[in-house]
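Colleague: Take a look at this one; I'll ask things after.
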Amino acid sequence: MLASPEEQVCFDARRHGVVLARPFTKALVLAGAGGILVAQPWPLLVPGAVLVLLGALLALRAVWRWERTHLVVTTEKLFVVDGTLRRRSSAVRLRSVENLELDQSLAGRLLGYGTLVAGPLEIDHVPEPRSVYRLVERLAG
């Protein structure tokens, strides 16, 4: 991903763990409903097991996607890389960033995440958003 030998990675992190809250909640609801059905007599046992399995797969998929998505700031670029079999990158050169914004909701301020907008690139659930904002601002300036 580095374009030149002089380019150095300044920041590399996954999106904030709060992105796992919604899929985990859905997975727990599915697994809970499945667990209730598994405790019932025979005909409901099979759909209950299927719901537990679906909940587990949903949670696994969410963790896999979270683990495979990275926000990277180098001395020349800001980019997001995601995917396993098919890697995708969205990048913006820091020299071309004229507009840099940081948006944090109340929950984001309390939990330590925010949305960083650098030109056409919008990255949500950025961990340590103020530090990343200052870093990008310093490198772009």
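The values are calculated or read from the model by the stated rules, or taken from the named source; none is laboratory data. This structure is a prediction, so every number in the text was calculated from the model and none was measured. Cβ coordinates were reconstructed from backbone atoms using ideal geometry, including for glycine residues, and neighbour counts include every protein chain displayed.
Colleague: Considering every residue within the stretch 71-85, establish whether at least one is exposed (fewer than 12 other Cβ atoms within 10 Å of the Cβ) and either without any contact (Cβ under 8 Å) to a residue 12 or more places away in the chain or farther than 20 Å from His125 by Cβ (or both). Steps first, please.
Modeller: Start the filter on the stretch 71-85 by keeping residues that are exposed (fewer than 12 other Cβ atoms within 10 Å of the Cβ), which leaves 83-85.
Subsequent filtering for residues that are either without any contact (Cβ under 8 Å) to a residue 12 or more places away in the chain or farther than 20 Å from His125 by Cβ (or both) retains 85.
Yes, some residue in the stretch 71-85 is exposed (fewer than 12 other Cβ atoms within 10 Å of the Cβ) and either without any contact (Cβ under 8 Å) to a residue 12 or more places away in the chain or farther than 20 Å from His125 by Cβ (or both).
Colleague: Could you check how many residues of the stretch 86-110 are under 23 Å from Arg61 (Cα atoms) and surrounded by 12 or more Cβ atoms within 10 Å (Cβ to Cβ)?
Modeller: Adding up the residues that qualify gives 2.
Colleague: Oh, and also: Quick test of your reading of the structure: Pro129 fulfils all but one of (1) touching a Phe, Trp or Tyr at 6+ places or on another chain (Cβ under 7 Å); (2) touching a residue at least 60 places away in the same chain (Cβ under 8 Å); (3) not hydrophobic (A, V, I, L, M, F, W, C). Name the failing condition by number.
Modeller: Pro129 satisfies all of (1) touching a Phe, Trp or Tyr at 6+ places or on another chain (Cβ under 7 Å); (2) touching a residue at least 60 places away in the same chain (Cβ under 8 Å); (3) not hydrophobic (A, V, I, L, M, F, W, C) except (2).
Colleague: Run down Gly83, Gly108 and say which single residue is under 20 Å from the mean Cα position of the chain (by Cα) and at pLDDT below 95.
Modeller: Working: Gly108 fails: at pLDDT below 95.
Residue meeting the stated conditions: Gly83.
Colleague: Sticking with this one: Could you list, in sequence order, all residues of the stretch 111-123 that are closer than 17 Å to Ala13 by Cα, touching a residue at least 24 places away in the same chain (Cβ under 8 Å) and surrounded by fewer than 18 Cβ atoms within 10 Å (Cβ to Cβ)?
Modeller: If the condition is that a residue be closer than 17 Å to Ala13 by Cα, touching a residue at least 24 places away in the same chain (Cβ under 8 Å) and surrounded by fewer than 18 Cβ atoms within 10 Å (Cβ to Cβ), then Leu111, Gly112, Leu121 are the ones that fit.
Colleague: Same structure again: Select from the stretch 86-105 the residues that are among the basic types (Lys, Arg) and more than 17 Å from the chain's Cα centre (by Cα) and write down the one among them that is farthest from Val18 (Cα to Cα).
Modeller: For the stretch 86-105, the residue satisfying everything is Arg95.
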